[in-house]
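Below: one structure, written as structure tokens.
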Amino acid sequence: MNRRNILRLFAAAALACGLLTTAHAGSLETIQKSGTLRVAVPQDFPPFGSVGPDMKPRGYDVDMAGLIAKGLGVKLELIAVTSTNRVPYLTAGKADLVISSLGKNPDREKVIDFSNAYAPFFTGVFGPDELKVTAAADLAGKTIGVTRGAVEDLDLSKIAPASATIKRFEDNNATIAAYLSGQVQLVATGNVVAAAINERSNKRPLDTKFLIKNSPCYVGVNKGDEPLLAKVNEVIAKAKQSGALNEIAQRWLHAPLPAGL
């Protein structure tokens, strides 16, 4: 390859990089000009995203997408994604944002940027409102149900006092049944599972006692797209201040936003 062709290749590569940078940096302007915000959301992970009886998308993430679209003053276009293709949809330009119960980790941070947290996602200890438990030490003498081998089983075993009784069940359904029937006083599980229990039954409503491990949800934004990221964070902050985000949490998780989210 001669020198002229090499220079052409470098020029083409530089142009391509420049176009990509411009496209990402100007995405907020592009969204506002088009009048539409494309958001990747789950449709198979309630209560964050599912299809309702009317065959329309519904859930925490769907409502959050609506809040952001309203904050931008544009229409909302929902794009159904799975856990495996949600980030590729964003990086390939098929969506402007990912709002899909997305957790933050070092590998993902190399590829995309994250907003401030908008939803709680955690494992914890749950039980009836009248039972006063606020920390692991308060589990002394209590009976706690947990699904055998789950993350919360391993984490609870590390912090529970010796006098606590941990009853292990083979799956989530058995753990839930044990709590509802009164076989155990408390359960250690994920907040999504607790919300599902409260959705299905009011027999023994679950109240959050304390968190075991916290892994909140964030909005995914293309790497380096600072104007859009700033606007998303602005909308999230206003929604927290106004109580709109707390209303979404109450609607779908049947619990208020945790302090400090």
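Confirm whether Ser115 is under 26 Å from the mean Cα position of the chain (by Cα), of a type in the set (Ser, Thr, Tyr) and modelled with pLDDT of 95 or more.
It is true that Ser115 is under 26 Å from the mean Cα position of the chain (by Cα), of a type in the set (Ser, Thr, Tyr) and modelled with pLDDT of 95 or more.
Inside region 106-182, counting only strands (runs of 3 or more DSSP E) that do not spill past its ends, which hold 2 or more residues that are farther than 26 Å from Ala259 by Cβ?
Because the criterion is at least 2 residues that are farther than 26 Å from Ala259 by Cβ, the strands (runs of 3 or more DSSP E) in region 106-182 that meet it are 143-147, 165-169.
Tell me which residues, restricted to region 66-105, are assigned to a helix (DSSP H, G or I) and within 18 Å of Ile31 (Cα to Cα).
Gly66, Leu67, Ile68, Ala69, Lys70, Gly71, Leu72, Tyr89, Leu90, Thr91
Matching residues to (1) at pLDDT 95 or above; (2) under 30 Å from Leu37 (Cα atoms); (3) out of contact with any Ser or Thr (no Cβ under 8 Å at 6 or more places or on another chain); (4) outside the structural domain of Lys110 (by TED's automatic domain parsing):
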position: Asp138; (1), (2), (3), (4): yes, no, yes, yes
position: Thr143; (1), (2), (3), (4): yes, no, no, yes
position: Thr147; (1), (2), (3), (4): no, no, no, yes
position: Ala177; (1), (2), (3), (4): no, no, yes, yes
position: Asp207; (1), (2), (3), (4): no, no, yes, yes
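Just to be sure I understand, how many residues within region 162-174 are at pLDDT 90 or above, surrounded by 13 or more Cβ atoms within 10 Å (Cβ to Cβ) and polar (S, T, N, Q)?
Qualifying residue count for the region: 1.
Inspect region 61-80 for any residue being in the same structural domain as Ala239 (by TED's automatic domain parsing), in contact with a Ser or Thr (Cβ under 9 Å, 6 or more places away or on another chain) and at pLDDT below 95 and give the result as yes or no.
Within region 61-80, not a single residue is in the same structural domain as Ala239 (by TED's automatic domain parsing), in contact with a Ser or Thr (Cβ under 9 Å, 6 or more places away or on another chain) and at pLDDT below 95.
Given the options Asn246, Asn233, Asn222, Asn214, name the one that is more than 20 Å from Leu102 (Cβ to Cβ) and of a type outside the set (Phe, Trp, Tyr).
Asn246
Of all residues in region 222-261, which are in contact with a strand residue (DSSP E or B) (Cβ under 6 Å, 6 or more places away or on another chain), outside any helix (DSSP H, G or I) and closer than 24 Å to Ser50 by Cβ?
Ala255, Leu261
Scan region 221-236 and give yes if some residue there is more than 15 Å from the chain's Cα centre (by Cα), farther than 21 Å from Glu109 by Cβ, of a type outside the set (D, E, K, R) and outside the structural domain of Ala195 (by TED's automatic domain parsing), otherwise no.
The answer is yes, given that some residue of region 221-236 is more than 15 Å from the chain's Cα centre (by Cα), farther than 21 Å from Glu109 by Cβ, of a type outside the set (D, E, K, R) and outside the structural domain of Ala195 (by TED's automatic domain parsing).
The values are calculated or read from the model by the stated rules, or taken from the named source; none is laboratory data. Please read these numbers as outputs of a predicted model, since none were measured by experiment. Note: ideal-geometry Cβ built from the backbone for every residue, glycine included; neighbour counts use all protein chains shown.
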